[in-house]
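Have a look at the structure below, then the notes.
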Amino acid sequence: MAALKSLRPAVGALVRNPILAALVGLFSLVQLPQLALQATQPLLAALVSLVLTGVMILVMPFFQGGLIGMADEALDGTTSLETLVTEGRAHYVTLLVAYLVVLAVNFTLGIVAFFAAIFGGAGLFALDAESSLVGFGALAVVGLLFVLAYFLVAFFVQFYAHAIVLNDAGIVAGFKQSVRLVRRNLLSVVGYTVILLVGSVLFGGVGGVASVLLSPQPTALPIPEVSIPVLVGAVIVYVVAIAVFGAFYATYSVAFYRAIEGTTATA
């Protein structure tokens, strides 16, 4: 299966090119101020989060394109920052528009699901106990359908950026190529997604514990005060966890994309 065969070259590329992990680690540092402000100054933290979200929307396509280009180069040998700049600039506009399209679709699904839950929940209060139970079940089914729709969209278009960067595809062509590749290699893509899910749980768990230590705790909770060395250690663990998994995702996703690009049937 392509999902398993792509693991070895992905790890090898990452070992040869630690610069990939260093770049992802540096990129993750922008989240630290928000974590530190969450408990002590929530309003300022919300403002910082809003500003960072706007900055990330503008910067992410450049970084995404550059990282994919670097990962592609790393699989054949070594890569450099020059590739990050070259690939990021070359595909920035296309990736930005495609990224906004994905955000718009996800936002629309979220808004529709939100209002469906609000009006559906309000309608349940007007029903008797038995009817309310049936209505709650129907509302739960509708909610699950929206969640399923969200994951299906994410599942089928997850390679649009790879098509844009590696094949110089346009916006529409990038989405079409991603959907086509997923359809033709459904079992392999499921295996690939499961491997990434396991990795995200493992590294995300480590990063989550570190982020809890970085966030000041409410005084009402019986949690001992964390010392400076522990905080420094938590920062290091948090950044390293994100850096390693983010860099691995870059090399693994490109290796897997290469493997399935030339296929014509599910493997």
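The values are calculated or read from the model by the stated rules, or taken from the named source; none is laboratory data. Please read all numbers here as calculations on a predicted model, not as lab measurements. Please note that ligands, DNA and RNA were not included when accessible areas were found on the heavy atoms of the full protein model with its side chains. Shrake-Rupley method; radii C 1.70, N 1.55, O 1.52, S 1.80 Å.
Things to note:
- Accessible-area ranking of GLU87, GLU82, largest first, probe 1.4 Å: GLU82, GLU87
- Measuring between their Cα centroids, segment 65-114 and segment 243-263 lie 13 Å from each other.
- Using a probe of 1.4 Å, the accessible surface attributed to THR193 totals some 50 Å² when neighbouring protein chains are kept in position.
- Here LEU58 sits with roughly 100 square angstrom of accessible surface, probe radius 1.4 Å.
- Largest first, the residues MET60, MET1, MET70 sort by 1.4 Å accessible area into MET1, MET60, MET70.
- Annotation: ILE118 carries an accessible surface of approximately 90 Å², with a 1.4 Å probe and no ligand, DNA or RNA atoms counted.
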